[in-house]
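Read through the structure below, which is laid out as structure tokens, and then see the notes.
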Amino acid sequence: MNKTIETILNHRSIRSFTDERLTEEEVLTLIKSAQAASTSSYVQAYSIIGVTDQEKKAKLAELAGNQPYVEKNGHFFVFCADLKRHDHIAKKAGKNHQEALENTEAFLISVIDAALAAQNVSVAAESMGLGICYIGGLRNQLREVSEVLETPSYVLPLFGLAVGHPANQSSQKERLPVELIYHENSYQQDEAHVDRYLKEYDDRISAYYEARTNGERKDTWSEQMLRGFSQPKRAFLGEFVKEKGFNRK
């Protein structure tokens, strides 16, 4: 096993950072790592906003659900789907590319590009001894987040990434069994197969929580998913995404 794979397999979310800020060189290295990610048809349909202003970080922490590590970290990145450059190029050339920019495929390309870039940053950061935590909570109040970051049409904040020097190491949560994630040649639809591996996984996750909390918590992964999908979340997002110029067609 090489160092890269060891870094990937050692991943865990860090939610407590020291006060040490990332250097300009470290930030630039992470941005260049993001840009080295694959991008659909060379479109590069994403942008990264580095938030260093403490007032803005505090506001984003509040909007994300009062998550302190959004405010207190070495550097905070916000990854955005971005077709603004492409709109600018079209307009400068006297072209109207609105229909192409606003269709579902362009939206998916921009979201996937941003996610690939962010994961490159995460692996690079962890290889540098830094810790990371993705912040999907920015979508809780995305309209307000967009106002804080002053993102125009065709630029949609998707998620944040807190990066910094870990104040302590968190434990690592076991992922789903490979047998439930990897399907060979066709999708595995045997419910007995699914139930078998879910049961084994749920038992291990329950034991993990029970040990970690001295018996105060012992819910399973399946129970968490039942709660999480019991009702739609962030129902306003569909409308706001369209307001920003994405996924209209």
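Take each complete run of DSSP H in the chain, measure how far its Cα atoms stretch along the helix's own axis, and keep only those covering 27 Å or more with mean Kyte-Doolittle hydropathy at least 0.0; list them.
Membrane-span-like by this criterion, though nothing is claimed about a membrane: 104-127.
Using packing as a proxy for protection, rank 231-242, 50-61 so that the peptide with the highest average count of other Cβ atoms within 10 Å comes first.
The densest-packed peptide leads the list: 50-61, 231-242.
Calculated from DSSP H runs of 4 or more alone, at -39500 (n - 2.57) each and per residue, what is the 222 nm mean residue ellipticity of the chain, nearest 500?
-14000 deg cm²/dmol, from helical runs alone.
With labels modelled as points extended 7 Å from the Cα through the Cβ direction, what inter-label distance (nm, one decimal) is found for R227 paired with K56?
3.4 nm
In bins 10 Å wide, starting from 0, what share of all Cα pairs of the chain does each bin hold, as a percent?
Whole-percent P(r) values from 0 Å outward: 7, 24, 32, 27, 9, 1, 0.
By the gyration tensor of its Cα atoms, with a ≥ b ≥ c the square roots of the eigenvalues, what is the shape of segment 130-188: rounded for a/c under 1.5, prolate for a/b over b/c, or oblate?
Oblate, because a/c is 1.5 or more while a/b does not exceed b/c.
Please give the net charge around S170, taking every other residue with its beta carbon less than 12 angstrom from that of S170, where Lys and Arg add +1 and Asp and Glu add -1.
Counting the neighbours of S170, the net charge comes to +4.
Over the alpha carbons of segment 178-218, what is the largest minus smallest coordinate on each principal axis, giving the biggest first in Å?
Per principal axis, max minus min of the Cα coordinates gives 43, 16, 9 Å.
Classify segment 193-249: rounded, prolate or oblate, from the alpha-carbon gyration tensor (a ≥ b ≥ c, eigenvalue square roots; a/c under 1.5 rounded; otherwise prolate if a/b is larger than b/c)?
Prolate, since a/c reaches 1.5 and a/b exceeds b/c.
Under the definition of Cα pairs under 8 Å and six or more residues apart, what whole-number percent is the relative contact order of the chain?
It rounds to 27 percent for the chain.
Taking the Cβ-Cβ separation of E147 and D219 as r and a Förster radius of 25 Å, what is the calculated FRET efficiency to the nearest 0.05?
0.10
In whole Å, how far is the Cα centre of segment 177-237 from that of segment 36-52?
Taking the Cα centre of segment 36-52 as reference, the centre of segment 177-237 is 32 Å away.
Sorted by average packing, counted as other Cβ atoms within 10 angstrom per residue and highest first, what order do 167-177, 201-211 take?
Peptide ranking by packing, descending: 201-211, 167-177.
Rule-based calculations on the coordinates, nothing more; no lab input. The shown structure was predicted, so the numbers you read here are calculated from the model rather than taken from an experiment. Virtual Cβ from ideal backbone geometry, glycine too; neighbours counted across all protein chains shown.
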